[in-house]
1. How many of the residues in the range 372-414 are in contact with a His (Cβ under 7 Å, 6 or more places away or on another chain) and under 24 Å from Arg491 (Cα atoms)?
2. Does Asp268 count as assigned to a loop (DSSP other than H, G, I, E, B) and either outside the structural domain of Thr371 (by TED's automatic domain parsing) or at pLDDT below 90 (or both)?
3. Inside the range 487-504, can you point out the residues that are modelled with pLDDT under 85 and closer than 18 Å to Asp436 by Cβ?
4. Going by what's in this entry, would Ser180 be described as touching a Ser or Thr at 6+ places or on another chain (Cβ under 6 Å) and either modelled with pLDDT under 90 or at positive phi (or both)?
5. Please pick out the residue among Asn388, Asn373 that is more than 43 Å from the chain's Cα centre (by Cα) and touching a residue at least 40 places away in the same chain (Cβ under 8 Å).
6. Determine which member of the set Ser662, Ser598, Ser642 is modelled with pLDDT of 95 or more and either at negative phi or among the small types (Gly, Ala, Ser) (or both).
7. Picking from Phe461, Phe423, which residue would you name as being without any contact (Cβ under 8 Å) to a residue 40 or more places away in the chain, of a type outside the set (D, E, K, R), out of contact with any Cys (no Cβ under 7 Å at 6 or more places or on another chain) and closer than 28 Å to Gln123 by Cα?
8. When residues of the range 203-230 are filtered for being at pLDDT 90 or above and not in a strand (DSSP E or B), how many remain?
Amino acid sequence: MQATLIVRTLLCLVVALTVVACNGGGGSSPNPERPIVDDVTGVTFSAARQSITSGESTSVVWSVPNGTSLSIQPDIGAVQNSGSVLITPAETTLYTLTGDSEGVPFALKLTVNVVPLADVAIQASSSSGTAPLRVTFTPILASATAINRIFWDFEGDGGSVDAGLGEGALGFDRLSGLASGTANYDVTGQDVTYVYNDVGNYTARVRVLDVDGNAADASFDVVVADALSSANFRAEPNSGTVPFTVSFSSRATDAQGISSYAWDIDSDGITDLTRSSGSFRFEEPGEYAPTVQITDRQGQVTTLTSPALQVSAYATAAPTVRLRVNDQDGEAPHTVEFAASVSGVDDAQWAWDLNGDGTPDSTAEAAATFTYNEPGTYYAKLVLRNANGSIGTAVRQIDVTASATLAVTQSAFDPTAGQSTQFVLESAGSLMASIDIKDERGVVVNNLLALTQLPAGSNSFSWNGTDNAGNVLPPGAYSPVVSYQVGDSLRVLELPNESGNRVFYPSAWGGGSCRYSSVDCGSLAISANEIEPFNNNPVVYAFDTLFNARMTGYVTVIGSEDFAPASFFRDRVMPKGSYSINWFGEGTDGKLLPYRDSRGYLPAIFGITLPDTTVVLTHDTSVSDLTAQPNILFPDNDQRGSVAKYTFTLSKAASVELRIDSTDAGVEVYRKTFNNVPAGQSSLISWNGRNNTGDLVAPGGYRISISAVDSFGLKSLPVRAMQRVRY
């Protein structure tokens, strides 16, 4: 029953598009706008349309009374005192008209914005590292309609799935871990993770297709270096009286697997062992530092030595020492119990150096216990000195890893209001750690914590949304990166992400649903209003999100969900909260959509939750409560409604962009930016019914869009109204 109600509502909306477009009225005091020519009297420089989609053209028009030395860059041809030229820029382009007008030099700038039919870029958690390298890829999507197929080829080898895109190098990989299980492509734009197990240089590729079949591609280079994942060595005993036999062993792991071992135990350049373990008989006294070459299955060779392998061979009688441990490897704090078995001991002095710093930690006989509070590789050493001066040693390698988590106290805040958040790093043992803050592009914007020795337990670090210089950062999503030191290297702490990268749909059926979870994902309410575009009576889609998320909103046709005639926003970062969209029944380009007697229009609104530790800065500027008067504009009538007035509310002082599109032709006719508009309710913006080049627009319907542009250059979601022009 509920599904039927929604469809009926939507069908009413599309019927209204064809029968209520004639209501209007109005009137306003005349005050026609004049073209603004900056500071050069009489010089104009404009474009018929300042926003076009890829492949479209627009006219650039200029007039320079008594001009000399005129040029337009990038070059679009010869420039006379007045003229126009049709241009088709491939991307958003800034044009500059320079010259001299009656002795006054000038340089006027004009930006023609090119909206891609489909566009994609790749952000990645890492571009290089040692195998196995885990990389999370995020697709950054843009489209004039809606992108609904996203294909990935992680290794750049053509993948295993053709998906109708071509054979061989055009193939793509199957995706696992998505809501649909194993699929050929993703439809939402989720993060995807891939593990590179083999050494090499890779070019990850993504291809996206929008609902009209327009494609876009992007690539990202990944370099995977070779390194042993771990290597633990042992020689037993580490000392003795010649001739004596020592057992050697290596416990090494490698992402590619181990192919062979080559031990040179006595440093003579000759291989003595070719297995992971074996024995060697020392005949000559001396100090030995055995090495082992480990070759993986890709032929990569790593040569290693270790204090645990060092052997002291004596000509005179010396103690023999062997060590046993209860738990060799573990997470900090890691407590290890050592037990020694010895022979040839005569009133010996015991010295346990359990952390390898050269200072004895215990002089107890037979056994010792030590707690390793920091991650790292340690070489615990026992030295016995007999009364006759002879020495016996034993060394064991102990590997300790970090045990730590990171939590965020405030996942969204406004830095301009003095708000901040706390990153709480909880570690079981002490930790040498650093914290960097990255923006959505993966660029480090704040080195919040330099590499610092932290005690065990909770350590909190405040962040107020600024960069290293104390400047407030733009609104958006920011992620912490925690690194900790192990020996001479830094490792990145794997942060929790139990709730991140989940797709959810605010639902009109109450509660909604999250993929992978049964938690409440918010609601979607569709107003009962019929669409009356030119009476400014839209349908309202009110939705909420219980998560910080990247939200996407568009309209599809019931029964043909791949078709998206109206797109509201794509991958827009939104903190948890309530939102609404006013829709007047127009397509993305502003043109009124056709009446459909059997299929209504259905809102498609979904989100992808941000990672658990991601923080959203919420000081973006919004515009609301737009009204347009009069409903019908008579531009050539000095007595009745010759100028349209727009009233709206601005959350913060900002620039405001006015854009007007024809609902008949679906093209932009006018665009202008008003700087330094104060916060609060404003009625400072008007339109005199002329297009970008100063000519009167054709009679018909027009969509009014007003957006706020903040000091960072970020544009708010537009608010819209409808007007008609008559003569």
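1. Total satisfying the criteria: 2.
2. no
3. Selection gives Ser489, Leu490, Arg491, Glu494, Leu495, Pro496, Asn497.
4. no
5. From the options Asn388, Asn373, the qualifying one is Asn388.
6. Within the list Ser662, Ser598, Ser642, the selection yields Ser662.
7. Residue meeting the stated conditions: Phe461.
8. Selection size over the range 203-230: 0.
The values are calculated or read from the model by the stated rules, or taken from the named source; none is laboratory data. What you are looking at is a predicted structure, and each value in this text was computed from that prediction instead of being measured. Quick reminder, even Gly has a Cβ in these numbers, built from the backbone with ideal geometry, and neighbours come from all protein chains shown.
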